[in-house]
Amino acid sequence: MCMQDDASDDGGIPVVEAPAKRPPLNKYALACAVLASMNSILLGYDGAVMSGAQLFIKEDLKISDTKIEVLAGIISISSLVGSLAAGRTSDWIGRRYTMVLAAAIFLAGALIMGLAPGYGVLMLGRCVAGVGVGYALMVAPVYTAEVSPTSARGLLTSFPEVFINTGVLLGYVSNYAFHSLPVHLSWRVMFLVGAVPPLFLAPGVLAMPESPRWLVMQGRIGDARRVLAKTSDSPAEAEERLADIKKAIGIPDGIGDNAAADDDDVVVVARRSKQGSHGEGVWRDLLIRPTPPVRRILIACLGLQCFQQASGIDSVVLYSPRVFEKAGLRSDNNSLGATMAVGASKTLFILVATFFLDRVGRRPLLLTSAGGMVVSLVTLASALHAIDRLPEGHATPLAGVSIAAVLTFVASFSIGMGPIAWVYSSEIFPLRLRAQGCALGTAMNRIMSGAITMSFISLYKAITLAGSFYLYAGIAAAGWLFMFFFLPETRGRSLEDTEKLFGGGDHGEDEEDGHDGQNKSTES
């Protein structure tokens, strides 16, 4: 029982305060997060559908494993174009229209892949889809983080990864559903299914409000205030968030403070003339002359995104049928069925992360996730190594161990490394640097994904499947050490406050000349 507030009036007895009650989940912010994350279904689908489609593409088009490797990984490499362009685009036309653009690119890519007459056009379709992947990977977490109240930011910002996993599962289901079609039709139908969701996504995204932080960057204080009123837990929090955003951007106190004034033309004109609101000068502040806190933030973002992919998740997602075949599942039906179980495990366990992100924090989940990945990868590699040493047909029990290890690996990834890499990256950058900073993180993620997926077949032919997964286990262990020593906890911090965790804050020496204090963009 908690003591009443008036207990301190009698004899100086200290008051024991009741724990703060978590506010109910803001339904409007929830709806915005869901709509913003829908593009991620296509991202997951386009990546995972290649897992089964490659079996039929190879047979139909008579291409080598090397060409399959390039076809599987080119989507990650071409996504660099989208991820690097997305930061500037989202600062220019807004987060919302950038998501519409991503949906249109996904639609074009799916149609080109599904109607491709040969390898060259199929490769073109994968490249186009990759540009959409880059846009979606960057903009969805940024928008969701900017629209979410602090109390639910971890939950809502993990939604893009939830929908990526849903897309992965749907890709595997598509593989299984259409694998019995004639070879020349099966893989084409699998890709064409990906053209359906974008037709419905664009109207839904247009129904969303724009990010309040982007609105303030344009000087549209009244519009931002209305969005914040709907997406905050209380009117007081809405005004506090607005004040923090204005301070971060450099709008003087008193400008736009009148809640009755819906728009302030003076603010709009001043913002556009004083500071490039479309990203001018940001690359210099990120890469050429970053302050020490910004440099540490950039290292944290790039390191986390690097280890997320370098630990081999995309190799498992794309090539699990080959792993299961090696473990003893010889038929397409059995290997694709086991691959569906991988998608189900990956999707189910993402819910663990969404439930605990705002309760236990980012660091505990990241460390638990990386630890589980190390154990799973070592177990998988050991089982595959033992299978290699046994006569064919005597590895049935070890096949079960291999399947269980793969399921545990993707489950461990989903409870931490998968969603939190995007949550964390979208939280830590100062507002003025957030879009381009997240774009750099996305670029690192795509580079590592491309390197892993385009080298996996060659790697396991050189050092065996077991050796490949032992290598991934070592990388995951290095990632655990990086996260333990380098990443501070961000749970409960406002977006305008997180720079202090990396040594920034109210320090004049962190300023850059000519920016009127805008590098102090996360002061609270």
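The values are calculated or read from the model by the stated rules, or taken from the named source; none is laboratory data. Just so it is clear, the structure is predicted and the values come from calculations on it, not from any experiment. We place every Cβ from the backbone using ideal geometry, glycine too, and count neighbours over all the protein chains shown. For the accessible areas, the whole protein counts, side chains as well, though only heavy atoms, and no ligand, DNA or RNA atoms are used. Shrake-Rupley method; radii C 1.70, N 1.55, O 1.52, S 1.80 Å.
For K62, state whether it is at pLDDT 85 or above, on the phi > 0 side of the Ramachandran plot and open to solvent by 40 Å² or more (accessible area, probe 1.4 Å).
yes
Looking at L287 and the list (1) on the phi < 0 side of the Ramachandran plot; (2) open to solvent by less than 30 Å² (accessible area, probe 1.4 Å), which single condition is not satisfied?
All conditions pass for L287, except number (2).
With a cut-off of at least 1 residues that are in contact with a Pro (Cβ under 8 Å, 6 or more places away or on another chain) and among the aliphatic types (A, V, I, L, M), name the helices (runs of 4 or more DSSP H) lying wholly within region 384-487.
In region 384-487, 417-428 are the helices (runs of 4 or more DSSP H) which contain 1 or more residues that are in contact with a Pro (Cβ under 8 Å, 6 or more places away or on another chain) and among the aliphatic types (A, V, I, L, M).
Yes or no: P149 touching an Asp or Glu at 6+ places or on another chain (Cβ under 7 Å), surrounded by fewer than 24 Cβ atoms within 10 Å (Cβ to Cβ) and at pLDDT 85 or above?
Against the criterion (touching an Asp or Glu at 6+ places or on another chain (Cβ under 7 Å), surrounded by fewer than 24 Cβ atoms within 10 Å (Cβ to Cβ) and at pLDDT 85 or above), P149 qualifies.
If the Cβ limit is 7 Å and pairs must be 6+ apart or interchain, which residue in region 94-117 that is closer than 21 Å to I57 by Cβ pairs with which residue that is part of a helix (DSSP H, G or I) and β-branched (V, I, T)?
Partner pairs satisfying both residue conditions: A108/V128; G109/V128; I112/V121; I112/V128.
Any residue in region 468-494 that's farther than 19 Å from M373 by Cα: show its pairings with residues that are open to solvent by 40 Å² or more (accessible area, probe 1.4 Å) and outside any helix (DSSP H, G or I) at Cβ separation under 7 Å, as long as the two are six or more apart or on different chains.
Once the first residue is farther than 19 Å from M373 by Cα and sits in region 468-494, its partners that are open to solvent by 40 Å² or more (accessible area, probe 1.4 Å) and outside any helix (DSSP H, G or I) give S494/S524.
For S382, are the conditions met, namely being touching a residue at least 60 places away in the same chain (Cβ under 8 Å), surrounded by 18 or more Cβ atoms within 10 Å (Cβ to Cβ) and within 29 Å of A177 (Cβ to Cβ)?
For S382, the condition - touching a residue at least 60 places away in the same chain (Cβ under 8 Å), surrounded by 18 or more Cβ atoms within 10 Å (Cβ to Cβ) and within 29 Å of A177 (Cβ to Cβ) - is not met.
From L201, L192, grab the single residue that is crowded, with 19+ Cβ neighbours inside 10 Å and assigned to a helix (DSSP H, G or I).
From the options L201, L192, the qualifying one is L201.
Would you confirm, using the coordinates I've provided, whether L169 is closer than 30 Å to L336 by Cβ and open to solvent by 10 Å² or more (accessible area, probe 1.4 Å)?
yes
Would you pick out the residues in region 349-374 that are within 19 Å of L304 (Cα to Cα) and open to solvent by 70 Å² or more (accessible area, probe 1.4 Å)?
T368
Being over 27 Å from E161 (Cα atoms) and surrounded by 20 or more Cβ atoms within 10 Å (Cβ to Cβ) is the filter here; which residues of region 291-325 pass it?
Selection gives T291, P293.
Looking only at region 205-249, how many residues end up being open to solvent by less than 20 Å² (accessible area, probe 1.4 Å) and among the small types (G, A, S)?
7
Suppose we filter T464, T453 for residues that are closer than 19 Å to G82 by Cβ and in the same structural domain as Q305 (by the TED database); which single one remains?
After applying the criteria, what remains is T453.
Could you count how many residues in region 198-210 are closer than 16 Å to G109 by Cα and touching a Leu at 6+ places or on another chain (Cβ under 6 Å)?
So the count comes out to 1.
Could you run through region 172-189 and say how many residues are of a type in the set (F, W, Y), open to solvent by 50 Å² or more (accessible area, probe 1.4 Å) and under 18 Å from T347 (Cα atoms)?
So the count comes out to 1.
Please tell me if S180 is more than 17 Å from V100 (Cβ to Cβ) and free of Cβ contacts under 8 Å to residues at least 12 places away in the same chain.
Taking the combined requirement at face value, the residue satisfies it.
Conditions (1) buried (at least 24 other Cβ atoms within 10 Å of the Cβ); (2) over 24 Å from S37 (Cβ atoms), marked per residue:
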{"residue": "M99", "(1), (2)": "yes, no"}
{"residue": "F106", "(1), (2)": "yes, no"}
{"residue": "L111", "(1), (2)": "no, no"}
{"residue": "P117", "(1), (2)": "no, yes"}
{"residue": "G120", "(1), (2)": "no, yes"}
{"residue": "L124", "(1), (2)": "no, yes"}
{"residue": "G130", "(1), (2)": "yes, no"}
{"residue": "M138", "(1), (2)": "yes, no"}
{"residue": "T144", "(1), (2)": "yes, no"}
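Can you tell me which residue among L380, L365, L351, L329 is in the same structural domain as Y472 (by the TED database) and outside any helix (DSSP H, G or I)?
Result: L329 is the single residue among L380, L365, L351, L329 that is in the same structural domain as Y472 (by the TED database) and outside any helix (DSSP H, G or I).
Within the group A72, A129, A36, which residue is small (G, A, S) and farther than 21 Å from Y172 by Cα?
Checking each option against the conditions leaves just A36.
List pairs: first in region 215-227 and at pLDDT 90 or above, second open to solvent by 30 Å² or more (accessible area, probe 1.4 Å) and not acidic (D, E), Cβ under 8 Å, 6+ apart or cross-chain?
R225/A259
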